[in-house]
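Worksheet: one structure, shown below.
The values are calculated or read from the model by the stated rules, or taken from the named source; none is laboratory data. Since the model is a prediction, treat every value here as computed from it, not as a measurement. Counting neighbours? That spans all protein chains shown, and the Cβs are built from the backbone with ideal geometry, glycine included. Side chains included, ligands, DNA and RNA excluded: accessible areas come from the protein's heavy atoms. Shrake-Rupley method; radii C 1.70, N 1.55, O 1.52, S 1.80 Å.
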Amino acid sequence: MNFDFSDDQKMLRENARAFLSKESPLTLCRQVLESDASYSQSLWQAVAGQGWQGTAIPETYGGAGFGRLDLAVLAEELGRALAPIPFSSTVYLAAEALLVAGTEEQKKRYLPPVARGECIATVAHGEAGADGALRTSFTKGRVRGQKAPVPDGDVADIALVSAKSGREVGLVIVELAVPEVTRQKLQSIDPSRSLASLSFQRAPGEWLGGRPCGWQTIEHIFDRAAVLYAFEQLGGAQRAFEITREYLLHRYAFGRPIGSFQALKHRMADWYVELELARSNCYYGAWALSNEAPELPVAACGARVSAAAAFELASKEMIQMHGGMGFTWEHDAHLFYRRARWLGSVLGSAPLWREKLVARLEAQQA
């Protein structure tokens with residue numbers, strides 16, 4: 001079984017990397033951090049010009065009609081560049097949810113503007129409260145409740161809101177530019193990727209798919225998104241590794257590169273092993289996603305857990321191995337740390353995905 005990407009997909013990676021290098025996302029990331037903006041509109045429009053938002057959307061709905069493997073390639077490159085755009089919430093979450101569970105009319109209405117980069121979308125699922133209960137309700141075509149934190153909720157045009165109706169649960173499509181929806185931007189550890197609180201006071205909406213889709217479908221959507229988020233984390237971890245390795249080879253102390261010191265070599269070796277473990281799990285997840293394989297629930301958990309661990313380790317080691325300079329605002333290390341923490345929590349924390357992995361493996365063996 002060959003888990004590697006095809007030559008065309010490797011060429012896509014090279015072109016995406018060259019394009020993002022030209023656009024200088026790290027510079028744009030700093031600009032967003034130092035302003036009141038929630039994302040880089042110029043980069044979002046540039047990416048839309050490349051057609052990336054429509055990569056996995058069928059041509060019938062205005063997309064490019066490529067597969068999930070191509071989208072995984074782009075996700076890794078966007079992760080390497082720390083792209084400050086609402087790509088993940090729009091493409092990995094909302095677009096995938098529409099493709100998986102939307103009606104034909106809903107797909108034709110919402111997917112073409114998403115593919116053109118004219119619509120920012122998100123999924124609003126998390127709610128405040130220690131018990132994790134779903135309190136948002138949907139009755140008589142109206143949504144009532146509060147969601148927080150919602151990734152890119154302050155800039156999204158539509159949100160797919162998890163809600164209950166009696167004993168049934170599903171996702172409700174809500175257009176956010178209505179008086180019944182109140183938004184409040186929240187403080188985020190990575191201000192280049194925003195979070196918001198959304199309050200719904202009898203906001204008009206409609207069930208995704210025309211009826212409550214149930215927890216199983218919602219979990220399936222999150223599993224699909226988890227694989228793509230994992231590739232973003234893998235890309236960020238890989239880039240942090242490369243920057244740090246370059247620094248260790250060119251920073252001299254006591255007449256030799258500090259990368260030659262045994263203690264640092266051991267840490268870099270451990271870091272490399274963590275990266276390769278994450279890469280293997282991500283590739284397995286991409287295979288399962290692209291083939292709609294029954295192994296997806298386990299593969300998604302493995303990819304998510306290993307990629308989150310790799311990026312967290314990478315962001316910490318990057319700061320520490322750069323010494324005092326790594327702790328400064330002027331150095332890019334903190335940008336990687338911020339993004340690692342943001343990506344590690346936005347779809348559910350790593351411990352949550354570990355629990356899912358254990359539960360699913362036990363269910364397989366039962």
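Selection over segment 269-290 of residues that are free of Cβ contacts under 8 Å to residues at least 60 places away in the same chain, open to solvent by less than 30 Å² (accessible area, probe 1.4 Å) and touching a Leu at 6+ places or on another chain (Cβ under 7 Å) gives a count of 2.
Just to be sure, is G79 under 13 Å from the mean Cα position of the chain (by Cα) and either within 22 Å of M11 (Cα to Cα) or not in a loop (DSSP other than H, G, I, E, B) (or both)? Yes, satisfied. Might you check whether a residue that is of a type in the set (D, E) and at pLDDT below 95 occurs anywhere in segment 123-132? There is at least one residue in segment 123-132 that is of a type in the set (D, E) and at pLDDT below 95. Among the candidates A293, A303, A309, the residue that is in contact (Cβ under 8 Å) with a residue 60 or more places away in the chain and not charged (D, E, K, R) is uniquely A303. Per the listing Y229, Y247, Y252, the residue uniquely of a type in the set (F, W, Y) and without any contact (Cβ under 8 Å) to a residue 40 or more places away in the chain is Y252. Looking for something open to solvent by less than 50 Å² (accessible area, probe 1.4 Å), under 15 Å from the mean Cα position of the chain (by Cα) and aliphatic (A, V, I, L, M) - is there at least one such residue anywhere in segment 329-343? Yes, there is a match, as at least one residue in segment 329-343 is open to solvent by less than 50 Å² (accessible area, probe 1.4 Å), under 15 Å from the mean Cα position of the chain (by Cα) and aliphatic (A, V, I, L, M). Within segment 82-104, none of the residues are assigned to a helix (DSSP H, G or I), touching a Phe, Trp or Tyr at 6+ places or on another chain (Cβ under 9 Å) and over 30 Å from W207 (Cβ atoms).
For segment 25-67, name all the residues that are of a type in the set (D, E, K, R), part of a helix (DSSP H, G or I) and open to solvent by 50 Å² or more (accessible area, probe 1.4 Å). Correct list: E59 only.
I'd like the full set of residues that are of a type in the set (S, T, N, Q) and buried (at least 24 other Cβ atoms within 10 Å of the Cβ), limited to segment 85-114. Matches in segment 85-114: S88, S89, T90.
Among the residues of segment 68-84, not a single one is at pLDDT 95 or above and surrounded by fewer than 16 Cβ atoms within 10 Å (Cβ to Cβ). Going residue by residue through segment 56-68, is there one that turns out to be of a type in the set (D, E) and more than 17 Å from V114 (Cβ to Cβ)? Looking for residues that are of a type in the set (D, E) and more than 17 Å from V114 (Cβ to Cβ), one finds none in segment 56-68, hence no.
Figure legend. Inter-residue proximity from segment 82-94: first residues closer than 12 Å to V123 by Cβ and in contact (Cβ under 8 Å) with a residue 12 or more places away in the chain, second residues open to solvent by less than 10 Å² (accessible area, probe 1.4 Å) and part of a helix (DSSP H, G or I), beta-carbon distance below 6 Å, spacing 6+ or different chains. Indicated pairs: V91/Q53; Y92/A225; Y92/L228; L93/A225.
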